[in-house]
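Structure record follows, encoded as structure tokens.
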Amino acid sequence: MATLDTATLTTIVNQCFANSMNNQFSLQDQNSFLVEGKRLRGQLLNLLSAQFNDGTPQLAAANTSLTKVNSDLGNSAAVLASTAATLNDIASLVSNLDKLLPLAASFV
């Protein structure tokens, strides 16, 4: 059985909330970070105990997406320069996680 990288997802949620309070972003972007952070937090709670069959391609894709988004968010200067692209990546991650949850083989 395999699991989602929930540690990285937790880091992303925290960074979204931090960006939602960062006045260097526009109010609209701050709101978008808040909305996406809340959506990701909800998914985190559902996925914490989810187990997937080994080799589930959607799980591998989700973990890859988590790594990319986390890396992107780690460089705040780059996030400021490419906020729209970063928010699109986060929205894509949310969508991928939405599709992943029904594939869970079990919940602990």
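The values are calculated or read from the model by the stated rules, or taken from the named source; none is laboratory data. Because the structure is predicted, anything quoted here is derived from the model rather than measured. Note that we place each Cβ from the backbone using ideal geometry, even for glycine, and neighbour counts take in every protein chain shown.
See the values below:
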| read-out | value |
| --- | --- |
| Matching residues, segment 27-41, being exposed (fewer than 15 other Cβ atoms within 10 Å of the Cβ) and touching a helix residue (DSSP H, G or I) at 6+ places or on another chain (Cβ under 8 Å) | N31 |
| Residue that is farthest from A104 (Cα to Cα) [pool: residues in segment 16-47 that are more than 13 Å from the chain's Cα centre (by Cα) and among the aliphatic types (A, V, I, L, M)] | L27 |
| Residue identified as surrounded by 14 or more Cβ atoms within 10 Å (Cβ to Cβ), at pLDDT below 95 and on the phi < 0 side of the Ramachandran plot among D72, D98 | D72 |
| Number of positions in segment 1-25 that are touching a residue at least 24 places away in the same chain (Cβ under 8 Å) and among the aromatic types (F, W, Y) | 1 |
| When residues of segment 1-13 are limited to those that are under 10 Å from the mean Cα position of the chain (by Cα) and polar (S, T, N, Q), the one nearest to L103 (Cα to Cα) | T6 |
| Selection from segment 48-106 of residues that are over 21 Å from V35 (Cα atoms) and of a type in the set (S, T, Y) | S49, T56, T64, S106 |
